[in-house]
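Here the structure comes first, spelled out in structure tokens, and everything after it is commentary.
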Amino acid sequence: MVYIQIEDVHNLIASGGSHNVIKIWDTNKKILIKKLKGHIRPINTLLFINETDPLLISGSEDKTIKVWNLNILDEDESCIKTITTHSKPVSFLCKFGKGKFCSTGFDGVINIWKLKNFDCEISLTGGHKGHIFGICFIDFGKKLASCGSDKFINIWNPQNKKVAFTLVGHSEGVSCLQYFKFENSDKGYLISGSLDTLIKIWDLELKKDIRTLCGHYKSVLSIMKFEGVENGDDGDIIFSGSADLCIKIWNISTGECYNSYNYFHTSPILCFSQLFGLDGIIIASSGADGVIQVYDYRDGVELER
């Protein structure tokens, strides 16, 4: 199992998984430049933050969150903070505006942390019956979305620590979600992927799903909104990865799946990330097979394995 995160200022890929070690790769030179050791169980989630020093934050099955300063050359001294607040494995990390980040885990707790001193500013509890699989920041109104094994997506108001509303529509656990805006629009939406094999697009003003994308025949485990635009026609694209070993590329404006790649991974696809590199806009995917694939998003041509 490998989880990846891309840092596009210095063109780095961080990978972590079942071997408990985080590896930092230079995508331009295509070499491994650093190994970060400290977790004692598999790594579930990674998050790059570049606000002052370049930081990498990791969450693990060992219930801890570790903060790594990538400017520190000594690998043994790179970990500048270990957070032990979660009582069960840490499942996901995300940014929360400027100067903050969020963590969640199988304990059903969502914590919002200050980067300045790594104090927990807010804890959100009681929103899900079961494990929380994913969280994402919603910039409109500074809200937070969460999804879990209970089939629901909660939209939180962190200021009062309450669920503002719940999105209901999936028939099985919701494994992943992402906030986005359509090209040339300021209105916010959510994408969700589920163990029910479906991807849904949610209108946050109407508080309901407006489109369902069907095409995978096993659980959808990862989604990514494509952020770069080339030639003005690629702004409403998402990637999805599934336990069916297939990567699909969708136009979410029309609901059309216009490409599928069935040969990049031999196990379920767990994660996507995007990079503006020397080869143009490239996509990295990782899976339970322990492989990181880097390829051209337009035609699926493999650039590196």
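The values are calculated or read from the model by the stated rules, or taken from the named source; none is laboratory data. Bear in mind the structure is a predicted one, so any value in this text is a computation, not a measurement. For neighbour counting, all protein chains shown are included, and Cβ atoms are generated from backbone atoms with ideal geometry for every residue, glycine included.
Any residue in the stretch 195-212 that's of a type in the set (Ser, Thr, Tyr): show its pairings with residues that are surrounded by 13 or more Cβ atoms within 10 Å (Cβ to Cβ) at Cβ separation under 6 Å, as long as the two are six or more apart or on different chains.
Close Cβ pairs satisfying both conditions: Thr197/His216; Thr212/Leu198; Thr212/Lys200.
Only residues that are among the aromatic types (Phe, Trp, Tyr), farther than 17 Å from Trp250 by Cβ and surrounded by fewer than 19 Cβ atoms within 10 Å (Cβ to Cβ): list them for the stretch 146-202, please. Don't jump to the end; show me each part of the working.
Filtering the stretch 146-202 down to residues among the aromatic types (Phe, Trp, Tyr) leaves 152, 156, 165, 179-180, 182, 189, 202.
Within this subset, residues satisfying the condition of being farther than 17 Å from Trp250 by Cβ are 152, 156, 165.
Within the stretch 146-202, just Phe165 meets the criteria.
Which residues, counting only those in the stretch 37-88, are among the small types (Gly, Ala, Ser) and not in a loop (DSSP other than H, G, I, E, B)?
Within the stretch 37-88, Ser58, Gly59, Ser60 meet the criteria.
Might you check whether a residue that is in contact with a Leu (Cβ under 8 Å, 6 or more places away or on another chain) and within 12 Å of Ser58 (Cα to Cα) occurs anywhere in the stretch 87-95? Write out each step before concluding.
Within the stretch 87-95, the subset in contact with a Leu (Cβ under 8 Å, 6 or more places away or on another chain) is 93-95.
Pick out the ones that are also within 12 Å of Ser58 (Cα to Cα) and you get 93-94.
Scanning the stretch 87-95, I find at least one residue that is in contact with a Leu (Cβ under 8 Å, 6 or more places away or on another chain) and within 12 Å of Ser58 (Cα to Cα), so the answer is yes.
Please work out which one of (1) under 28 Å from Cys147 (Cβ atoms); (2) out of contact with any His (no Cβ under 9 Å at 6 or more places or on another chain); (3) charged (D, E, K, R); (4) at pLDDT 90 or above is the condition Glu61 fails and give its number.
Of everything listed in (1) under 28 Å from Cys147 (Cβ atoms); (2) out of contact with any His (no Cβ under 9 Å at 6 or more places or on another chain); (3) charged (D, E, K, R); (4) at pLDDT 90 or above, Glu61 misses just condition (2).
Only residues that are within 23 Å of Glu61 (Cβ to Cβ) and among the basic types (Lys, Arg): list them for the stretch 5-37, please.
Lys23, Lys34, Lys35, Lys37
What pairs come out if I take residues in the stretch 234-262 that are farther than 16 Å from Val220 by Cα and pair them with residues that are in a loop (DSSP other than H, G, I, E, B) and aliphatic (A, V, I, L, M) whose C-beta lies under 6 Å away, six or more apart or interchain?
Gly235/Val229; Asp236/Ile252
Give the residues of the stretch 70-103 that are surrounded by 13 or more Cβ atoms within 10 Å (Cβ to Cβ), within 15 Å of Leu55 (Cβ to Cβ) and under 18 Å from the mean Cα position of the chain (by Cα), sorted by residue number.
The answer is Leu93, Cys94, Lys95, Phe96, Lys100, Phe101, Cys102, Ser103.
For the stretch 116-145, what are the residues that are among the hydrophobic types (A, V, I, L, M, F, W, C) and surrounded by 20 or more Cβ atoms within 10 Å (Cβ to Cβ)?
Once the filter is applied, which keeps residues that are among the hydrophobic types (A, V, I, L, M, F, W, C) and surrounded by 20 or more Cβ atoms within 10 Å (Cβ to Cβ), the stretch 116-145 yields Leu124, Ile132, Phe133, Ile135, Cys136, Leu144, Ala145.
Residue by residue, here is whether (1) touching a Phe, Trp or Tyr at 6+ places or on another chain (Cβ under 7 Å); (2) at pLDDT below 95 holds:
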| position | (1), (2) |
| --- | --- |
| Asn111 | no, no |
| Lys116 | no, yes |
| Gly126 | no, yes |
| Lys129 | no, yes |
| Ile135 | yes, no |
| Gly141 | no, yes |
| Ser146 | yes, no |
| Phe152 | no, no |
| Gln159 | no, yes |
